[in-house]
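What follows is one structure encoded as structure tokens, with my remarks underneath.
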């Protein structure tokens, strides 16, 4: 049985590392809607982009 334990949602810091951007650029892309995200309590989570 294969269990895929990769996160379905990422923190802005994780996205910055994955994309090679700074945290400010990631936050700007969230604010402009280029990256879809949700608020989870006091945390922001970014949805992985499928098919891009």
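The values are calculated or read from the model by the stated rules, or taken from the named source; none is laboratory data. Just so you know, these numbers come straight off a predicted model, no measurement behind them. Methodologically, a virtual Cβ is constructed for each residue, glycine included, from the backbone with ideal geometry; neighbour enumeration extends over all protein chains shown.
Quick check, is residue 5 under 11 Å from the mean Cα position of the chain (by Cα) and at pLDDT below 95? Judged against the criteria, residue 5 is not a match. Can you tell me which residue in the range 9-52 is modelled with the lowest pLDDT, limited to those that are part of a loop (DSSP other than H, G, I, E, B) and under 9 Å from the mean Cα position of the chain (by Cα)? Ranking the qualifying residues of the range 9-52, first place goes to 49.
Residue pairs whose Cβ atoms lie under 7 Å apart, sitting 6 or more positions apart in sequence or on different chains, and linking a residue in the range 22-39 that is free of Cβ contacts under 8 Å to residues at least 12 places away in the same chain to a partner that is part of a helix (DSSP H, G or I) and loosely packed, with under 13 Cβ neighbours inside 10 Å, are 23/13.
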